[in-house]
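Student: Mind looking over this structure? Questions follow.
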Amino acid sequence: MHAYWNGEILPLDAVRVSPLDRGFVFGDGVYEVIRLYGGRLFYADRHWARLARSLQALSIAPAPDPAALEDALRQLIAKDGVEDGIAYVQVTRGAAPRTHAFPAPPVAPSVLAYVQPIPRPASIDRGGRAVLYPDLRWQRVDIKSVNLLGNVLAKQHAVEAGADEAILHRDGLITEGSSSNVFIVKKGIAFTHPATNAILNGITRQLVLELMGELGLPVVERPFSIEALWEADEVFITSTINEVTPIVAVDGIPIAGGKIGPWTAAVRAAFSDLVE
Ligand code: PDD
């Protein structure tokens, strides 16, 4: 396995990260996960736009050039022979003596990328199981930062409960999943949390909103309650890795009889058409 590290392609285990790197010390960095299907990057442009936005929000500069990153990723895909998988791209503020404030003068950001095989998710067909978990995260989760402790604790809770995903709630409202966005369908209308600072505006979420328009499924971007989740006709989550995954049970209790609903199936099929 190989990596791109600050302008070079080298074996992953030859990458040497400084112990003073602010990503390592403060979680002061951002990342993207881009899907690979058949060795091709899926909607990379949207990921580059979000990466630029995250970097700008944290004043990390200069941003890496997307064309250079894509070139590096293509080399990594070829070298490591990855077909269906992901590309991981991370940019931190760089290495500097420890002080909370940004280094002055600024240092060069550290840029890391690698690709890894991940098959298309099995839970797409069988339906996934979720558990509820409090949203413990900070108030700028619209920035795709590597500070993921709230997400890590939520996902671990799900794993220990034998579930696939944790659905997060704050003040009685569903925000998103630990690494996904959440949609419900009720009486032929879809609902999902609006793209505020309380969620990450997923690329898959954005694609699904567009597909819903084409499918004729009205969608309202409005926060919905835990009760609305329980009473939903259909629940599904979206993410780069897990695409459109139906949720058939929450906290061990079946949603709408534990069956994959017709709108979920339609959205899933429309998304698969984008992939294939
Ligand atoms: N996670 N919300 C959170 C908190 C996420 O971490 C993710 C993605 C999403 C979905 O975004 P997208 O559709 O752009 O993948 C929503 C990535 C895949 C990860 O951390 O592995």
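Bear in mind that the values in this text are calculations on the coordinates, not laboratory data. Keep in mind that what you see is a predicted model, and the values were worked out from it rather than measured. As a convention, Cβ positions derive from the backbone with ideal geometry for all residues, glycine included, and neighbour counts pool all protein chains shown.
Student: Give me the Kirkwood hydrodynamic radius of region 123-275, using the inverse of the mean 1/r over all pairs of distinct Cα atoms, in Å to one decimal.
Tutor: On the way: mean 1/r = 0.0663 Å⁻¹.
About 15.1 Å, per the Kirkwood formula over Cα pairs.
Student: Continuing with the same structure: Treating only the Cβ of Lys, Arg, Asp and Glu as charged (+1, +1, -1, -1), what charge dipole size does the chain show about its Cα centre? Round to the nearest 20 debye. Working shown, then result.
Tutor: On the way: 25 positive and 31 negative charges, 98 e Å.
The dipole magnitude comes to about 480 debye.
Student: Now for a different question. If you take the Cα Rg of the chain and divide it by 2.2 N^0.38 Å, with N the number of residues, what do you get? Mind dumping the intermediate values first?
Tutor: Details: Rg = 19.2 Å, N = 276, 2.2 N^0.38 = 18.6 Å.
Against the empirical 2.2 N^0.38 Å value, I get 1.03 for the chain.
Student: Turning to a different aspect of this structure: For region 177-182, in order, what is each residue's ³J(HN,Hα) by Karplus, 6.51 cos²θ - 1.76 cosθ + 1.60 with θ = phi - 60°, in whole Hz (x at glycine and Pro)?
Tutor: These are the phi-based 3J(HN,Hα) values: x, 5, 8, 7, 9, 10 Hz.
Student: Now for a different question. For helix 203-215, report the angle its Cα long axis makes with the longest principal axis of the Cα atoms of the chain; keep it between 0 and 90° and round to the nearest 10°.
Tutor: 40 degrees
Student: What residues qualify as long-range amide H neighbours of residue 190, i.e. H under 5 Å apart, gap of 5 or more or another chain, H built at 1.01 Å from N?
Tutor: Excluding prolines and chain starts, which carry no amide H, the hits are 219, 220.
Student: Identify which of 248, 220, 91 has the largest mean-square fluctuation in a Gaussian network model of the chain, with springs joining Cα atoms closer than 10 Å.
Tutor: Of 248, 220, 91, the Gaussian network model singles out 220 as fluctuating most.
Student: I need the trypsin sites (Lys or Arg not before Pro) found in region 66-162, filtered to DSSP loop residues with at most 16 other beta carbons within 10 Å of theirs.
Tutor: 98, 140
Student: Short version: ³J(HN,Hα) in whole Hz for each residue of region 153-170, in order, from phi by Karplus 6.51 cos²θ - 1.76 cosθ + 1.60 (θ = phi - 60°), x for Gly and Pro, what are they?
Tutor: Karplus values, whole Hz, x for Gly and Pro: 5, 5, 5, 4, 4, 4, 4, 5, 8, x, 10, 8, 8, 9, 9, 8, 9, 9.
Student: Along the Cα-to-Cβ line of residue 226, 7 Å from the Cα, sits a label point; which residues in region 129-153 have backbone N less than 17 Å from it?
Tutor: Within reach of a label on residue 226, which here means backbone N under 17 Å from a point 7 Å along Cα→Cβ, region 129-153 contributes 130-137.
Student: Want the number for residue 83 to residue 40: 0.36 nm per residue separation, take away the alpha-carbon distance, what's left?
Tutor: Details: separation 43, 0.36 × 43 = 15.48 nm, distance 0.75 nm.
Difference between extended and current length: 14.7 nm.
Student: Please list the non-local residues whose amide H lies under 5 Å from the amide H of residue 102, H modeled 1.01 Å from N, same-chain partners needing a gap of 5 or more.
Tutor: none
Student: What is the set of long-range amide H partners of residue 169 at a cut-off below 5 Å, with H atoms built 1.01 Å from backbone N?
Tutor: Long-range HN contacts for residue 169: 133, 135, 175.
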